[in-house]
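Only the coordinates and a few stated rules stand behind these numbers; no lab work does. Here the structure is a predicted model, which means the values were calculated and not measured. Please note: Cβ atoms are built from the backbone with ideal geometry, for glycine as well, and neighbour counts cover all protein chains shown.
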Amino acid sequence: MKENFVKICLYSDIHAQLAPLDAIQEAVDKENPDRVVVVGDLVMLGPEPAEVVERFMGRRDVDVLAGNLDWWVSKRKDETDPPPRTSTMSGSTKWSKRPVIGLSGNRSTISTD
């Protein structure tokens, strides 16, 4: 009996950065998934929000769900409306600047091999 499988690629938190998005898309293309799902936070915190959003406009092969920051950007009333969890994000920024030890044990590298 033949089993049917669906290969799904899921990623999130691009945060307006084209270089990481390019790397992710290259890896996704190599996997040749049946479906690609992006679960939010395309914008905020990075330098290229419009360019990142533009990459997904009109693509029928990718399902994009809005993240909390995507939702906030689309719903905020004016520039003084603070983003969700501002204090949490401030602490997260400090934490994120620490060196990363990836799954392979190498600094700044996360490997799934």
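Here are a few things to note about the model shown:
- Nitroxide proxy distance, nm - points 7 Å out along Cα→Cβ at residue 31 and residue 59: 1.3 nm
- Neighbours of residue 7, meaning other residues whose beta-carbon lies under 14 angstrom from its beta-carbon, give a summed charge of -3 when Lys and Arg score +1 and Asp and Glu score -1.
- Counting beta carbons within 10 Å around each of 39, 53 and listing the fewest first gives the order 39, 53.
- Label point of residue 3 set 7 angstrom out along Cα-Cβ; within the stretch 24-59, amide nitrogens under 18 Å from it belong to 34.
- Charge tally in the Cβ shell below 11 Å around residue 55, where Lys, Arg are +1 and Asp, Glu are -1, residue 55 excluded: -3
- Placing +1 on the Cβ of every Lys and Arg and -1 on the Cβ of every Asp and Glu, with nothing else charged, gives the stretch 8-81 a dipole about its Cα centre of roughly 220 debye.
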